[in-house]
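Working notes for the structure below.
The values are calculated or read from the model by the stated rules, or taken from the named source; none is laboratory data. Just so it is clear, the structure is predicted and the values come from calculations on it, not from any experiment. Glycine gets a Cβ as well: all are built from the backbone with ideal geometry, and neighbour counts include every protein chain shown. Just the protein is used for accessible areas: all its heavy atoms, side chains included, with ligands, DNA and RNA removed. Shrake-Rupley method; radii C 1.70, N 1.55, O 1.52, S 1.80 Å.
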Amino acid sequence: MFSKDVAVAKQARPTAYPHLDLIAADASLRGLDQLFHEMDKKKRLARLLAELAGYDRVILDCPPGLTETADQVMRAADLIVIPVIPSPLSTRAYDAVVQHLGGRTPLLPVHVMVDKRRALHAEALARHPDWPVIPMASNIESMAVKRAPVGVFAPKSAAAQSFADLWRRIEHRLTA
């Protein structure tokens, strides 16, 4: 769909969850950075996303790193949610993204895999008390096994409440 005239919306498949469709990644995406580079079309992804105007929200999930694919995602995004493990290495990576973007796109950093018993984690949370926090929790790890959102199989858990809070913050940022 990135190099051919394939209708993006036709790639969307319904999921078991109401109002949630998915365009799944596949092995063809391994060469996406190279394809974007060869095509030299800096807004190709943004143009493809325009075909999904019938959706209220489109969420793009991409691996960490400052690649051509990440650049396309960052150019197309209204808001970039950046998971930051409360560790020096993850914080440096976040700082590199902030510097790379230069304020072009709004960011929402989120502390993830947080264990408040760890001193480094507690210090990071104290430095950024306004960032949303997703705890280190077995319920979160179970999502992949159960193939379901934590809010479905453990709706009253701290993990589910953290994700609900994150979504409220995302919606607030997008509608403000």
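For region 151-164, name all the residues that are over 15 Å from Tyr17 (Cβ atoms), of a type outside the set (S, T, N, Q), in a helix (DSSP H, G or I) and open to solvent by 50 Å² or more (accessible area, probe 1.4 Å).
Residue satisfying the conditions is Ala158 alone.
Restricting attention to region 106-140, which residues are acidic (Asp, Glu) and farther than 27 Å from Ala77 by Cβ?
Passing the criteria: Asp115, Glu123.
Scan region 50-80 residue by residue and report those that are open to solvent by 70 Å² or more (accessible area, probe 1.4 Å) and in contact with a strand residue (DSSP E or B) (Cβ under 9 Å, 6 or more places away or on another chain).
Tyr55, Ile59, Pro64
Name the residues in region 75-117 that are over 21 Å from Asp165 (Cβ atoms) and of a type outside the set (A, V, I, L, M), would you?
Arg75, Ser87, Pro88, Thr91, Arg92, Asp95, Gln99, His100, Gly102, Gly103, Arg104, Thr105
Only one of these conditions is not met by Leu101: (1) within 24 Å of Ala77 (Cβ to Cβ); (2) open to solvent by 50 Å² or more (accessible area, probe 1.4 Å). Which number is it?
(2)
Out of (1) assigned to a loop (DSSP other than H, G, I, E, B); (2) open to solvent by less than 40 Å² (accessible area, probe 1.4 Å); (3) at pLDDT 95 or above; (4) not hydroxyl-bearing (Ser, Thr, Tyr), what's the single condition that is false for Ala148?
(3)
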